[in-house]
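Student: This structure is in structure tokens; I'll ask about it shortly.
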Amino acid sequence: MGQFVTEIKSGGGIAVDDTIQVKGYETKAGSRILEGFRPLFSAEAVERLERAGYDIAGKSAVGEFGLDLLGEFAYGAETCDTLRGAAAELVAAGTVKGALCVDLNGTPRRAAALSGVDFLKPTYGTVSRYGVIPCACSGEQIGVAAKTAGGVRELLRVVAGHDPKDGTSLPAETYDYHDGKAAPGMRVGIVKELYGAASDEQKARVTACAERLRGMGVAVDEIALPLADAARTAWNLCLCAETCNNVSRYDGVKFGYRSPDYRNIDELYVNSRTEGLNFLTKFVILYGSDVLSKGRYFTCYDKALKVRRLVAEQVKALFKDYDALLCPACSETEYRPYDIKDAFMTVFAESLFTAVPNLTGIPAMVSGGVQFMADALRDSDLLNLAEALEGGNAS
């Protein structure tokens, strides 16, 4: 089975990934730099679950700050021959009822597709980010994993809603996530740029899903999203720039890992960060610093923000004609361990399939090994489509 940060208590509880704070639990975001950090409060989403009577089963491992492919570079976690994702494996095995996971760069969606569980990254701002260890605040979002769409809907109804402690929280106090059916007459578009970039196995999953939808009376067409590749580049620029700023707070002084070898304050900072952060995070920080530098700001970061607007407009135009977009969540059906020095380009390549929702804030759901995207605040359409494909299975 996968990688775990703390012992998971079985019996129907909720796993919480290691970038989400839970009072009393060590929360190190998969990084040595936060080793020993135990927060004094829980994230808002965790508190809402506890108030509703759900038990927290424990913490599931993530790669350092959630930057890697599937959690393969989590500090202190055991390794395995194939990569799956800890939270998704726990849900698939029935060890937990569901899981809260931060979707920073598509990792929980990727993991759900490989493990055969459901995961919904909701519309940005509908679930509070208060209590998340931040990296890329403009696109990361807490989502919900469960065995079925009904299970996702159940947990999402609990955690979603306005939180005054979160400056990115949308104003609605609650969200409906109404039950419904994928009615005949709905229209779904297969994104040809993403479909064409996937392996034959992943293409077969999408094709099979499309045929099932057609059998239910849903119209399925092939559509174009020309800016899909530009969305990947823009999101990775934003992610690196924002991560560079957010991880600058980890310096070995106030909390977390402190190097035992230093003679002055400069060496304390340098040695703690050198020893406490892995190669991928350092790569992201250096790239983000370059993106934000005086000579590159307008040609890189500012341009990425303009591309974000163009992608959002292109996606919005598609949703005038289609209720949802269908595509793979990742290129492969299985991943093998690889060298961390190859991680940045590996993750960049895979983010082609997941970048659009992070960049634009629209909801995205993985069910049955494929991914659906919908317009902002149309999360229920995704849940209904998934539930129809699952045959109305209960949670």
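Student: Is it possible to state the helix-based mean residue ellipticity at 222 nm for the chain, with each DSSP H run of 4+ residues giving -39500 (n - 2.57), the sum divided by total residues, to the nearest 500 deg cm²/dmol? What is it? Kindly include the intermediate steps, with their values, before the conclusion.
Tutor: Numbers: 13 runs with 142 residues, N = 395.
Rounded to the nearest 500, it is -11000 deg cm²/dmol.
Student: Ok, one more. If the cut-off is a Cα-Cα distance under 17 Å, which aspartates and glutamates reach Lys294, setting aside same-chain residues fewer than 8 apart in sequence?
Tutor: Cross-link targets: Glu242, Asp302.
Student: Using r as the Cβ-Cβ distance of His178 and Asp55, and R0 as 30 Å, what FRET efficiency do you calculate, to the nearest 0.05? Write down the numbers at each step before the final one.
Tutor: On the way: r = 27 Å, r/R0 = 0.90.
The pair His178/Asp55 has a calculated efficiency of 0.65.
Student: Taking the 0 to 90 degree range and rounding to the nearest ten, how far is the long axis of helix 149-159 tilted relative to the main principal axis of the chain, both from C-alpha atoms?
Tutor: 50
Student: Out of all DSSP beta bridges in the chain, what portion is antiparallel? Express it as a percent rounded to 5.
Tutor: Roughly 60 percent of the DSSP beta bridges within the chain come out antiparallel.
Student: Next question. Give the dimensionless ratio obtained when the Cα radius of gyration of segment 276-334 is divided by 2.2 N^0.38 Å. Working shown, then result.
Tutor: Values: Rg = 17.1 Å, N = 59, 2.2 N^0.38 = 10.4 Å.
Expressed relative to 2.2 N^0.38 Å, the Cα Rg reads 1.65.
Student: Segment 338-395 to segment 184-253: how many Å between their Cα centroids?
Tutor: Between the Cα centres of segment 338-395 and segment 184-253 lies a distance of 7 Å.
Student: Okay, moving on. Loop only by DSSP, 14 or fewer other Cβ within 10 Å of the Cβ. Give me the trypsin sites (Lys or Arg not before Pro) in segment 193-287 that pass, ordered by residue number. The partial results should precede the final answer.
Tutor: Numbers: sites: Lys203, Arg205, Arg212, Arg214, Arg232, Arg249, Lys254, Arg258, Arg263, Arg273, Lys282; in loops: Lys254, Arg258, Arg263.
The qualifying sites are Lys254, Arg263.
Student: Helix 302-318 versus the longest principal axis of the chain: what angle, 0 to 90°, nearest 10, using Cα atoms?
Tutor: It is inclined by approximately 20 degrees.
Student: Can you tell me, using C-alpha contacts under 8 Å and at least 6 residues apart, the relative contact order of segment 16-61 as a whole percent? Write out the running numbers ahead of the final one.
Tutor: Numbers: 67 pairs, mean separation 18.9, N = 46.
Taking the mean separation of contacting Cα pairs over the length of segment 16-61, I get 41 percent.
Student: Rounded to two decimals, what ratio of Rg to Rh does segment 237-395 give with C-alpha atoms and a Kirkwood Rh?
Tutor: Details: Rg = 20.3 Å, Rh = 18.8 Å.
So for segment 237-395, dividing Rg by the Kirkwood Rh gives 1.08.
Student: Under a point-charge model restricted to the Cβ atoms of Lys and Arg (+1) and Asp and Glu (-1), what is the dipole moment magnitude of the chain relative to its Cα centre, in debye to the nearest 20?
Tutor: Numbers: 43 positive and 52 negative charges, 127 e Å.
Roughly 600 debye for the chain.
Student: To continue, here is another question. Hey, what angle do you get for helix 279-291 against the long axis of the chain, alpha-carbon based, 0 to 90 degrees rounded to 10?
Tutor: Helix 279-291 sits roughly 80 degrees off the main axis of the chain.
Student: What number does segment 4-144 give for Rg over Rh if you use C-alpha atoms and the Kirkwood radius?
Tutor: In segment 4-144, Rg relative to Rh is 0.92.
Student: While we're on this one: I need Val247, Val218, Val91 ordered by Cβ neighbour count within 10 Å, fewest first.
Tutor: Numbers: Val247 25, Val218 22, Val91 30.
Going from sparsest to densest Cβ surroundings: Val218, Val247, Val91.
Student: If you rank Thr346, Thr174, Thr107 by fewest surrounding Cβ atoms within 10 Å, what's the result?
Tutor: Working: Thr346 18, Thr174 10, Thr107 30.
The most exposed by this proxy come first: Thr174, Thr346, Thr107.
Student: Now, a different point. Roughly how many debye, to the nearest 20, is the charge dipole of segment 313-395 about its Cα centre, given +1 on each Lys and Arg Cβ, -1 on each Asp and Glu Cβ, and no other charges?
Tutor: In total the dipole reaches around 160 debye.
Student: Further question: Describe numerically, in nm with one decimal, the distance between label points set 7 Å from Cα along Cα→Cβ at Arg249 and at Ser199.
Tutor: 3.9
Student: Taking 0.36 nm per residue of sequence separation and subtracting the Cα-Cα distance, how much length would be gained by fully extending the chain between Phe279 and Arg187, in nm to one decimal? Before the final figure, lay out the partial values.
Tutor: Working: separation 92, 0.36 × 92 = 33.12 nm, distance 4.38 nm.
Difference between extended and current length: 28.7 nm.
Student: Only counting other Cβ atoms within 10 Å, I'd like His162, His178 sorted with the fewest neighbours first.
Tutor: Details: His162 15, His178 9.
Sorted ascending by nearby Cβ count, the order is His178, His162.
Student: Okay, moving on. What is the extension gain from Glu334 to Thr207, computed as 0.36 nm multiplied by their sequence separation minus the C-alpha to C-alpha distance, in nm to one decimal?
Tutor: Values: separation 127, 0.36 × 127 = 45.72 nm, distance 1.86 nm.
Gain on stretching Glu334 to Thr207: 43.9 nm.
Student: Return the subset of Lys23/Lys282; Lys97/Lys181; Lys254/Lys303 for which the Cα-Cα distance in this structure is over 32 Å, preserving the input order.
Tutor: Those over the limit are Lys254/Lys303.
Student: With a 10 Å cut-off between alpha carbons and a GNM built on the chain, which of Pro164, Pro357, Pro39 moves the most?
Tutor: Pro164
Student: So, in nm, how far is label Tyr269 from label Arg157 when the simple model puts each one 7 Å beyond its Cα toward the Cβ?
Tutor: Placing both labels 7 Å along Cα→Cβ, they lie 5.1 nm apart.
Student: Among all the aspartates and glutamates, which ones have a C-alpha under 12 Å from Lys147's C-alpha, if same-chain residues fewer than 8 places away are not counted?
Tutor: Correct list for Lys147: Glu89, Asp118, Glu387, Glu390.
Student: Right, another one. Give me D for the chain in µm² s⁻¹, whole number, from Stokes-Einstein with Rh from the Kirkwood sum over alpha-carbon pairs, 37 °C and 0.692 mPa s.
Tutor: Details: Rh = 20.9 Å.
Value of D from the Cα-based Kirkwood radius: 157 µm²/s.
FYI, it's all coordinate maths here, none of it is from the lab. On a predicted model such as this, the values are computed, not experimentally measured, just so you know. Because the Cβ atoms are built from the backbone with ideal geometry, glycine has one as well, and the counts that use them run over all protein chains shown.
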